[in-house]
Structures are given as structure tokens and as C-alpha cells.
Amino acid sequence: MSALSTVPGVKRGTIPVFAIATAVTVSNIYFTQPLLERIAQGLGVSSTAAGAVATAGQIGYALGIVAVVPLADRARLRRIARVLLTVTALALLAGALAPSITLLSAATLVLSVTTVLPQVIMPTVASMAAHGRAGRALGAVGIGLTMGALLSRTVSGVLAEATGTWRAGYFAAAAATAALLLVLPRYMPEHRPGAGQDRTSYLKLLASMPPLIVRHASLRLSAVLGAAGFAAFSAYWATLAFHLSQQPLGLGPAAAGLFGLSSVPGALAARYSGRLTDRYGPDTVNVIALTSAGAAFTVFLLAGDSVAALVIGGNLLGYGTTSAQTANQARVFTGPAPVRARLNTLYIFFQFAAGAIGSALALALFERHGWTAVVCEGMAFLAVGALALAAHALRRRRTPGTEEAAETAGAEGAAKTAGARPLAPAASARPR
């Protein structure tokens with residue numbers, strides 16, 4: 001990411017550091033997924049009970065989004081980073097030492113509540129981006145987010161296979177998070193650029209969020225698209241390890257983890273989605289993303305017992321999910337800078353709440369009806385996203401400019417309430 005992509009005064013190397021930080025922190029949500037079969041065996045519980053660990057992680061992340069991320073609109077970002085990284089590292093250590101599935105799930109819930117730095121970083125990145133370059137900046141950091149989610153599965157699976165215990169993954173994650181504590185705060189601004197210091201009380205800050213849903217049509221659309229896509233994505237990854245362990249595949253946790261590594265090409269291909277968003281707008285990128293994810297689940301349905309097909313489908317799904325995330329957040333961050341953290345809070349909350357539902361439903365479906373039922377679930381969620389995007393396009397065609405005018409009026413009202421002038425959009429979209 002070149003200096004030309006950020007506003008003047010941003011410390012050199014900030015975007016790469018942010019990308020690494022999001023990769024490390026988001027991995028804490030996903031590294032358990034290839035370990036679920038090993039956790040079930042090690043703690044003597046059923047696969048459904050072990051799946052509660054992954055579900056607790058996503059529920060905790062959604063809670064952290066609501067309770068913690070809004071503080072980025074008024075609190076000191078460096079202080080937030082230090083506190084969150086410290087608590088997360090300690091909770092990971094507690095998880096590594098947990099003697100029961102109940103305590104392991106509780107530790108995972110706590111660490112997932114505090115490992116929300118990616119969603120503190122994202123609105124900060126949008127505010128640092130030069131005009132018309134927000135898509136590229138978000139795309140660069142978004143790649144770190146996706147790579148962390150994918151590679152954490154690989155690392156934890158290999159560690160479990162090499163050490164013979166699922167606990168190694170928790171120890172490794174605790175060490176990586178603690179190491180990040182020494183680096184990230186140096187690159188975090190004291191306050192997010194353009195946001196100023198909001199003196200609003202914490203409770204009023206939380207109470208201000210529901211009206212934002214009504215005020216911002218862009219938030220509503222991105223929330224539906226993000227929730228639908230991530231529910232499908234989570235259904236796939238929550239059950240993949242169990243599917244691979246069954247016949248005719250019969251693969252262990254290391255192989256399940258390597259699927260994360262095999263999905264890297266798809267995630268890297270999505271790095272250009274930021275440029276596409278800047279040039280053609282988020283709607284176009286969402287169409288591409290939904291098409292890619294739909295193709296992935298079609299492959300899973302037709303050839304779900306083939307390793308090669310699963311690898312191809314995993315890449316298509318990774319590309320679609322990462323591209324959609326970039327487009328959705330670029331759309332959300334067209335809101336004024338003083339409320340961007342809260343807009344992102346609402347967007348990510350709906351996304352991860354849907355992810356938790358998708359994971360829990362997939363685990364139940366897999367245990368009762370097998371892999372095909374999980375694939376059908378994923379397709380159903382994607383169909384919801386496609387219908388939402390089609391309805392949005394139809395409204396724009398029937399009443400051109402109406403939605404954009406309402407959005408502008410809402411942004412000006414939000415900025416006035418926050419005591420700030422409306423700022424330029426975080427991402428430019430070519431009129432269509």
C-alpha cells in the first residue's frame with residue numbers, strides 16, 4: 001500500500017502492520033475449527049458439544065463488537081489496543097489449560113469478546129485512506145483478515161498433529177497475541193483521524209446505534225449481504241473437519257488445517273476487489289462475490305467427497321467472502337467519520353451473529369443428515385443475499401437517486417449530532 005493511498009501524516013508501514021495485526025487477532029476466532037474432532041476426543045464429549053467452542057467464539061465476537069468497538073468513536077485507540085491484546089492473551093492461556101469443555105468454551109467466549117481489534121482497525125483505515133482509495137486500503141487490510149482466518153486453521157491443525165494435543169494451538173495463539181502487544185500500539189493513532197474526541201457517555205454511545213440502522217440504507221444492505229455470506233462461509237468451515245474425518249476421505253486435523261493453506265490463492269485473488277470497488281462500486285463487487293460463493297457450494301454439492309473439488313470450492317468461497325467483505329465495508333464507511341466505528345459495529349454484529357447461527361445449524365444438520373444438508377444450508381443463505389441485492393437494484397432502477405439522497409441526509413444528521421461537519425465518503429463509486 002503506497003503512501004499515496006493514505007492521507008498525509010500517516011506513519012510509514014502502518015497499513016502492513018494493521019494487516020498483520022488483523023491476521024493475528026482474527027485467527028483467535030478460527031484456529032479451533034480444525035481441532036474440534038481432537039477436542040471432542042481429548043475431553044470425552046460429542047462432536048456437537050465440541051462444536052460449542054466454535055459457536056462460543058462467534059457469539060463472543062459478536063458481543064465484543066457491540067460492547068467494545070463503539071468505544072473507538074471516542075476512546076484512545078492505543079489504550080484500547082493494549083487492554084484488548086492483554087486480556088485476549090490471558091484468556092488464550094486459560095483455554096490452553098482448561099480441563100473441561102465448559103471451561104474451554106468459557107475461555108473462548110472471553111477471548112473472542114476482546115479479540116475485536118480488526119473492527120477497531122477497519123474504520124481507522126477508512127479514515128486514513130486518501131479520497132477514492134478507501135477500497136484499496138480496506139482490501140489490503142482485508143487480505144490480512146482473510147489470511148489470518150485461513151492460515152490459523154493450517155497452523156493449529158499441523159500443531160495438533162505434531163504435538164498430539166489440541167492445546168498447542170491455544171498456547172501458540174497466546175504467544176502470537178502477546179508479541180503483537182509489543183508492536184501494534186506504536187502504529188495506532190491516539191484517536192482515529194477525522195473523528196475527534198466524542199464526549200458522549202458510553203451508554204449514550206450504545207443507545208445511538210439503533211437509529212443508525214434506520215438512517216443508513218447502505219448499512220442495512222451491507223448487513224444483510226454480510227450476514228448471508230458469512231453464515232454460509234461459517235457453515236462450511238464449522239463442519240469441514242468432521243466431513244474430512246469421515247469415509248471415504250478419512251483425514252485428520254492436519255489435513256483439515258491444510259485446507260486453510262490451500263484456500264490462500266482464492267483469498268489473494270480478492271486483493272483486487274478493493275480496486276474494483278473504488279472503480280465500479282460495491283454493488284458490482286457483491287454480484288461477483290455472490291456468484292463465486294454460489295459456484296463454490298455447487299462444487300461442494302456435486303463433488304463433496306473429492307479433495308480436489310473441496311480445494312477448488314474453498315478457493316471460490318474464500319474469494320467470494322473476502323471480496324464481499326471489502327465491498328460491504330466500503331459501502332458502510334460512506335457514513336461520516338464520527339460514527340464509522342458504530343456503523344461498523346452494527347455491520348459486523350449482524351455478520352457474526354449470522355455466522356454463529358450458520359455454524360450451530362450446520363453442526364446440527366451434519367450430525368443428523370450429513371454433508372449434503374450443510375451444503376443446502378449454505379445455498380439457502382446465499383439465496384437470501386442474492387434476493388436482497390436484487391431488491392436493492394430494483395429500487396434504484398425505479399427511484400434513481402432517492403436512496404442516495406436519504407443516505408446523504410442521514411449522514412449530515414449524524415455528523416451534526418456528533419458535532420462534526422460531514423466528511424467526504426470513504427470510498428468513491430462510479431455513478432450507475
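Each value in this text was obtained by applying a stated rule to the coordinates, not by laboratory testing. Given the structure is predicted, the values throughout are model-derived calculations rather than measurements. Don't worry about glycine lacking a Cβ; one is built from the backbone with ideal geometry, like all the others, and counts go over all protein chains shown.
Dipole orientation for the chain: of the candidates 43, 171, 63, 63 has the Cα lying most toward the positive pole (charges on Cβ; Lys, Arg +1; Asp, Glu -1).
Projected onto the charge dipole of the stretch 257-374 (+1 at Lys/Arg Cβ, -1 at Asp/Glu Cβ, origin at the Cα centre), which of 370, 301, 280 gives the Cα projection farthest towards the positive end? Going by the charge dipole, the pick is 280. Only Cα pairs under 8 Å and 6+ residues apart enter the sum, and on that basis the relative contact order of the chain stands at 25 percent. The distance between label points at residue 67 and residue 162 comes to 3.5 nm (points 7 Å beyond Cα on the Cα→Cβ vector).
Dipole check for the chain: with +1 at the C-beta of Lys and Arg, -1 at the C-beta of Asp and Glu, and the Cα centre as origin, the magnitude is about 1500 Debye. Taking a label point 7 Å from the Cα of residue 364 along the Cα→Cβ vector, which residues of the stretch 47-73 have an amide N closer than 19 Å to it? Zone members listed by number: 47-60. Annotation: the residues 204, 11, sorted from fewest to most other C-beta atoms within 10 Å of their own C-beta, follow the order 204, 11. In the chain, the longest principal axis of the Cα atoms and the axis of helix 340-369 are about 20 degrees apart. A straight chain from residue 179 to residue 380 at 0.36 nm per residue would run longer than the Cα-Cα distance by 68.3 nm. Counting other Cβ atoms within 10 Å as a rough exposure proxy, the listed residues 369, 216, 392 run 369, 392, 216 from fewest neighbours to most.
In a fully extended conformation the segment linking residue 11 and residue 275 would gain 92.8 nm over its present Cα-Cα distance, using 0.36 nm per residue.
Simple rule: put +1 on each Lys or Arg Cβ and -1 on each Asp or Glu Cβ in the chain, find the dipole, and look at 101, 393, 188; the Cα lying farthest toward the positive end is 188. Coupling constants for the stretch 48-60 follow from the phi torsions by the Karplus curve (6.51 cos²θ - 1.76 cosθ + 1.60, θ = phi - 60°), and in residue order they are 5, 5, 5, x, 4, 5, 5, 5, 4, x, 6, 5, x Hz; glycine and proline get x.
Of the residues 375, 110, 307, which exhibits the maximal mean-square fluctuation in a Gaussian network model of the chain defined by a 10 Å Cα contact cut-off? Highest fluctuation of the listed residues: 307. Helix 167-180 and the longest principal axis of the C-alpha atoms of the chain enclose an angle of approximately 30°. Along the stretch 296-310 the Karplus relation, 6.51 cos²θ - 1.76 cosθ + 1.60 evaluated at θ = phi - 60°, assigns HN-Hα couplings of 4, 6, 5, 4, 4, 6, 7, 9, x, 9, 9, 4, 4, 5, 5 Hz to successive residues, with x for each Gly and Pro. So if R0 is 51 Å, what FRET efficiency would residue 268 and residue 201 give, r being the distance between their Cβ atoms, rounded to the nearest 0.05? After rounding to 0.05, the efficiency reads 0.75.
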